[in-house]
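Chemist: Below: one structure in structure tokens.
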Amino acid sequence: MVKNNNTYYPFILVLALICLYSSCSLTRRLDPKDQVYMGTKLKISDKSNAASVDQFYLINTAIPVKSTKPGLGNIYVGLYNLFDSTAESGIKHWIKNKLGNKPVIYDHQLLNNTKAKFTYYLNGKGFFAQKVSCDTTTEGRKVYMTCNIDLNERYTIDSIIFPVDSTYAALKLDENLRRAVLKEGSYYDREKLDYERSRITQLAGDLGFAEFGTDNVFYYVDTAKNNNGVDLYVQILPPTDSTNHIRYILDSIHIFPKYTLNDTFKTTLNKAPISNTINIYEYNHYLNHDLINHLILEKTDTFYHRTNERKTINRFQDLGLFRFINIENRPNPNGKPGHMIQNILLSPEKIQNVSAEFELNNRSGNFLGTGASVRYRHRNLFGHAEQFNAALSGQVETQIGGGLSLINSSDLTGSAEILLPRLVLPFFNIKEGKTYIPKTSLKTNYTYQRRAQYYTLNSFVYKFGYLWKETSKKYHELYPLVINQVNVSNKTSEFQDLLDKDVRLKSSFDNTLIAGIQYNFTYSDQLGITDRKHFYLKNETETSGNVLNLFLGGNADDPVKVVGINYAQFFKNTIDLRKYLPVKNGDFAMRLLVGTAFSYGNSQELPYIKQYIIGGSNSVRAFRLRGLGAGSFVPEIPSDNSGFASQFVDQTGDLKLEMSVEYRFPIFRFFKGAAFADAGNVWLIQSIDKPEGVFKIDNFYKELGIGGGLGLRLDFNFFLIRMDLAVPFRAPQKDNGFVWTIDQINPFNKAWRQENLRYNLGIGYPF
């Protein structure tokens, strides 16, 4: 039942009243002498050098406090004042402090602080002769600040002078200058100085200077020139005024696998020697000897190496056994000067945990449903850091409206996986990085699907493979053995009639054995969850049936059976490219996905579960799941909403192209918004029954479904709920191909809304 538009009038009225209230409430609860600071405008006179200045940083970071947001930002202040309360809990307290925004009171020190921040930043960029002037204008009790910046010429580095002492000689900086970011002739930049300070510190740590820190690298900048150039003096400060830096030799390593913050290092604890120089205390069979030797990259009886220490920490973290990992280096109380011991402090995670989830969902295609899942994890199954993961989930869905008949579906999935912290009988020469622990995976999965008007599907999957990180940016998954048995039964008469009319579809729904290889490669240069600018690439490759065909033969006209069913032979590759760019007041996220799959040898068509589909909450959101393709093909849909909906299974393809761009912006607190546009489709490589679905290089771009919309996100950092509303801009029509539908948008028309509005509910970002 569709609600009358009058239903929303109260909400619109409330919003209007809040807007009206906020427009006059900025100063309502302030002291009469107080003024509200409304923000700062930036003007740079020298346009030729303006590109070297991060104006976005200056406006949002260099200013000591955030300004009262103009426009809709006044609503936040209005909410703060409207629900002004001294209560420490309750709905008023929550609205005031979570949704509201406290007005910023202007004082003269704010102007001085802003000038100082600007000057400090510009000096750091090499604009030593800049001039910064700030002034204010007042409108009633609102204060606006304007800062004018005259950059002048940017300074360059004329020369870099290093000290001559024993520490400098030991650091071998001259031999490593090619790796330095500081170059003679380059612009002076404080960020590069900080980077070089970190580089020298890391180099010192790798040469045995365990106590060497970034504070020991000092720069003296001589600007007393008339040529806009500086002389840069690099100095190595001693640890104290009277001592020199010491290169330490690592004598021994001590591991505490049950460490807590209240513990002291008691060498009287139960000790198990791993080697002559490595000991573990309170040994509990978490870590066996071989694993410990594999985890620890530091070498005893030689100079300390900081990079190996960092890699050792990463390898312990990669096990998943410990909540906290820390390493402490101490002078050896029983050794000679320049000798040290190392304590590895490990705080264990819970060995076992169980979690459960329950959900109600409403996803694209008017799917309404409920589901539940239970997950179990054991972090040390056999006592040698083996992980065991198991999950059981079920879901029931009902599809209503949209011109489709009622479709009920049920899903049940069970999975189990064992992860071994080592490579077991590798079939290939794997190039693994030293920073992370490679793993061997043994997986099994069972899926039951019941589509009431269509079929019942049972799928059994067995996988054996290897997971490893080559670097922090490169991740590999190789499964040299993948077996998937798919059985389709209980086909309804309507569904069987559909299969009999479509040779391709009928072949794809045969009982099938998939036996092959999978390889996935992922590249991501994201430094952390807060890194807004990054690039992501994932390539998934899968082949099936080649080994069986080598020994058993077979072709599409006379397929060979294994255990009574045909084995599938195909190749499939999918590339997913994503780029994330921060912009003023938000972020741009872009995605390009290209997929190719084809059958050959023993198979006439791809198995249905391996074919591409498009649409839904994580794809082209203006179209329901399987709401596009192949090509210009449009399935027959009964007009009385009671017949058989063939598009549920009929809109798949061998090729896929998908493109998305999304602008994400903050609204207030944990509320975030989005504006997006998606485009894409799937195509067939060849078809007799659906010629309109075949990919044609000179025509495919005319068959792209295009849509867009707006979204609301509830971002709680650890959890994000996404709601998107999308409409089609270009869509296929029966016997008419793809047509632009922007001029048909009519949100006040009930029939148009039912047919075109797509509500998407999801967890996490779509990409």
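Chemist: How many residues, within the range 685-735, are out of contact with any helix residue (DSSP H, G or I) (no Cβ under 9 Å at 6 or more places or on another chain) and more than 21 Å from residue 656 (Cβ to Cβ)?
Modeler: Selection size over the range 685-735: 19.
Chemist: Let me ask another. Does residue 527 meet the test of being farther than 28 Å from residue 455 by Cβ, loosely packed, with under 15 Cβ neighbours inside 10 Å and over 31 Å from the mean Cα position of the chain (by Cα)?
Modeler: Spelling it out, it is not the case that residue 527 is farther than 28 Å from residue 455 by Cβ, loosely packed, with under 15 Cβ neighbours inside 10 Å and over 31 Å from the mean Cα position of the chain (by Cα).
Chemist: Go through 579, 572 for me and flag whichever is in contact with a helix residue (DSSP H, G or I) (Cβ under 9 Å, 6 or more places away or on another chain) and of a type in the set (Lys, Arg). Full working, then the answer.
Modeler: Details: 579 fails: in contact with a helix residue (DSSP H, G or I) (Cβ under 9 Å, 6 or more places away or on another chain).
The match here is 572.
Chemist: While we're here: Being in contact with a strand residue (DSSP E or B) (Cβ under 7 Å, 6 or more places away or on another chain), in a strand (DSSP E or B), of a type in the set (Ser, Thr, Tyr) and surrounded by 13 or more Cβ atoms within 10 Å (Cβ to Cβ) is the requirement here; does residue 663 meet it?
Modeler: Working: in contact with a strand residue (DSSP E or B) (Cβ under 7 Å, 6 or more places away or on another chain): yes; in a strand (DSSP E or B): yes; of a type in the set (Ser, Thr, Tyr): yes; surrounded by 13 or more Cβ atoms within 10 Å (Cβ to Cβ): yes.
Yes, satisfied.
Chemist: Name the pairs: first residue in the range 179-196 and outside the structural domain of residue 125 (by TED's automatic domain parsing), second residue at pLDDT 90 or above and among the β-branched types (Val, Ile, Thr), Cβ to Cβ under 6 Å, at least 6 apart or on different chains?
Modeler: 184/157; 186/157; 187/156; 188/157; 188/230
Chemist: Select from the range 399-413 the residues that are of a type outside the set (A, V, I, L, M, F, W, C) and surrounded by 15 or more Cβ atoms within 10 Å (Cβ to Cβ) and write down the one among them that is modelled with the highest pLDDT. So that I can check it myself, show each step before the final result.
Modeler: Step one: of the range 399-413, the residues of a type outside the set (A, V, I, L, M, F, W, C) are 399, 401-403, 405, 408-411, 413.
Subsequent filtering for residues that are surrounded by 15 or more Cβ atoms within 10 Å (Cβ to Cβ) retains 399, 402, 405, 409-411, 413.
Values: 399: 59, 402: 45, 405: 44, 409: 79, 410: 86, 411: 88, 413: 95.
Once the filter is applied, the top-ranked residue is 413.
Chemist: Could you list, in sequence order, all residues of the range 332-358 that are more than 30 Å from residue 374 (Cα to Cα) and in contact (Cβ under 8 Å) with a residue 40 or more places away in the chain?
Modeler: 332, 335, 337, 338, 339, 340, 341, 342, 343, 344, 345
Chemist: Quick check on my filter: what residues within the range 509-524 are among the hydrophobic types (A, V, I, L, M, F, W, C) and part of a strand (DSSP E or B)?
Modeler: Scanning the range 509-524 gives 513, 514, 515, 517, 521.
Chemist: Of (1) out of contact with any Ser or Thr (no Cβ under 8 Å at 6 or more places or on another chain); (2) surrounded by fewer than 16 Cβ atoms within 10 Å (Cβ to Cβ); (3) not small (Gly, Ala, Ser), residue 470 satisfies all except one. Which?
Modeler: (2)
Chemist: Out of all the residues in the range 311-330, which are over 23 Å from residue 380 (Cα atoms) and either in contact (Cβ under 8 Å) with a residue 24 or more places away in the chain or in the same structural domain as residue 471 (by TED's automatic domain parsing) (or both)?
Modeler: Initial filter on the range 311-330 (over 23 Å from residue 380 (Cα atoms)): 328-330.
Of everything in the range 311-330, just one residue is over 23 Å from residue 380 (Cα atoms) and either in contact (Cβ under 8 Å) with a residue 24 or more places away in the chain or in the same structural domain as residue 471 (by TED's automatic domain parsing) (or both), namely 329.
Chemist: State which residue pairs qualify: first residue touching a residue at least 40 places away in the same chain (Cβ under 8 Å) and under 13 Å from residue 504 (Cβ atoms) and inside the range 687-711, second residue part of a strand (DSSP E or B) and of a type in the set (Phe, Trp, Tyr) in any location, beta carbons under 9 Å apart, and separation of 6 or more residues or different chains.
Modeler: If the second residue must be part of a strand (DSSP E or B) and of a type in the set (Phe, Trp, Tyr), the pairs left are 693/683; 694/683.
Chemist: So, one more: Among the residues of the range 292-307 satisfying the criterion of being surrounded by fewer than 18 Cβ atoms within 10 Å (Cβ to Cβ) and not in a loop (DSSP other than H, G, I, E, B), which is farthest from the chain's Cα centre (by Cα)?
Modeler: Looking at residues that are surrounded by fewer than 18 Cβ atoms within 10 Å (Cβ to Cβ) and not in a loop (DSSP other than H, G, I, E, B), I get 302.
Chemist: Look through the range 729-749, keep the residues that are of a type in the set (A, V, I, L, M, F, W, C) and touching a residue at least 40 places away in the same chain (Cβ under 8 Å), and return whichever of them is farthest from residue 626 (Cα to Cα).
Modeler: 748
Chemist: When you scan the range 128-147, how many residues do you find that are closer than 27 Å to residue 186 by Cα and either of a type in the set (Lys, Arg) or at pLDDT 90 or above (or both)?
Modeler: 2
Chemist: Another one. Name the residues in the range 720-745 that are part of a loop (DSSP other than H, G, I, E, B) and either over 36 Å from the mean Cα position of the chain (by Cα) or aromatic (Phe, Trp, Tyr) (or both), would you?
Modeler: Selection gives 734, 735, 736.
The values are calculated or read from the model by the stated rules, or taken from the named source; none is laboratory data. These numbers come from a predicted model, not from an experiment. When we count neighbours, we look across all protein chains shown, and the Cβ atoms used for this are built from the backbone with ideal geometry, even at glycine.
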